[in-house]
Amino acid sequence: ANKNRLDLAKLLLDEAKSRNEKYAPLQNAYGLLYMHRASLNQALQSFTAAVDADPKFVEARINAGLLTLGFRKYDVAKEMLGKAIELAPKNYDAYIGLGIALRGLKDLDGAEAQYKKARDIDPKRGDAYYNLAVLYKDFRASKNTDLAASIATYKQARDLFQQFTSMQAEPAEKAEAKEQVALIDKTVTQIQAFMKAQANQPPPPAAEPAKNN
């Protein structure tokens, strides 16, 4: 919010760089600075440099992995975040990020498992509930050809969005979750009406027996 402070931070980081450019926390700090300046490519380069300098630096791995998701390099994000979990098995953000990466790689079962692990680590945080709801609504229910099963999955998503609205989150995020609940209700009503119409259709006429010449 204060550009002068970012400029001052840059001066201090540059001074530290002149003393030891390959210091991992310094490169991670550069990444955070570039994030604040919306220079995402530079930020990723710095986070990656921090990981190269210290492969066990969990924060830098997570920062690099989460940023890579935005570039849709899901395989790279999977590697970064998977290693972060090996180093820090209780890191909530790493599990959420890995779930998003796996979802991007079409591994829906793997994504679901990671979100549930995050939920087990901290049931009071909303990220896992929201991401599970998106997974069920947009990736499972909408693509299920079994309409009854699709409705059940939509209702799972609805319950998760509803739970999310009762948790600590930004007002805009809660508003989005409420919109998703309303959309699911509308979709389920439409599917039920379609199923009812199908059930009420008269049976096709019986085939006429073949005539003998």
Can you run down the residue pairs with Cβ atoms below 6 Å, 6 or more apart or on separate chains, where the first is in segment 85-106 and in a helix (DSSP H, G or I) and the partner is open to solvent by less than 60 Å² (accessible area, probe 1.4 Å) and of a type in the set (Ser, Thr, Tyr)? Gly99/Tyr115; Ala101/Tyr74; Gly104/Tyr74
Could you tell me whether segment 121-131 includes any residue that is farther than 29 Å from Asn91 by Cβ and hydroxyl-bearing (Ser, Thr, Tyr)? no
Of the residues Ala38, Ala9, Ala24, only one is touching an Asp or Glu at 6+ places or on another chain (Cβ under 9 Å) and either crowded, with 20+ Cβ neighbours inside 10 Å or among the aliphatic types (A, V, I, L, M) (or both); which? Ala24
Answer yes if at least one residue in segment 80-91 is over 10 Å from the mean Cα position of the chain (by Cα), open to solvent by 30 Å² or more (accessible area, probe 1.4 Å), closer than 22 Å to Arg158 by Cβ and not β-branched (Val, Ile, Thr), and no otherwise. no
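One line per residue, one yes/no per condition, for (1) of a type outside the set (Lys, Arg); (2) at positive phi; (3) in contact with a Lys or Arg (Cβ under 8 Å, 6 or more places away or on another chain):
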{"residue": "Lys116", "(1), (2), (3)": "no, no, no"}
{"residue": "Val134", "(1), (2), (3)": "yes, no, no"}
{"residue": "Tyr154", "(1), (2), (3)": "yes, no, yes"}
{"residue": "Leu160", "(1), (2), (3)": "yes, no, no"}
{"residue": "Met167", "(1), (2), (3)": "yes, no, yes"}
{"residue": "Glu170", "(1), (2), (3)": "yes, no, no"}
{"residue": "Glu179", "(1), (2), (3)": "yes, no, no"}
{"residue": "Pro203", "(1), (2), (3)": "yes, no, no"}
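The values are calculated or read from the model by the stated rules, or taken from the named source; none is laboratory data. Since we're looking at a predicted model, the values are computed, not measured. With ideal geometry, Cβ positions are generated from the backbone for all residues, glycine too; neighbour counts draw on all protein chains shown. Ligands, DNA and RNA are excluded from the accessible area calculation, which covers all protein heavy atoms including side chains. Shrake-Rupley method; radii C 1.70, N 1.55, O 1.52, S 1.80 Å.
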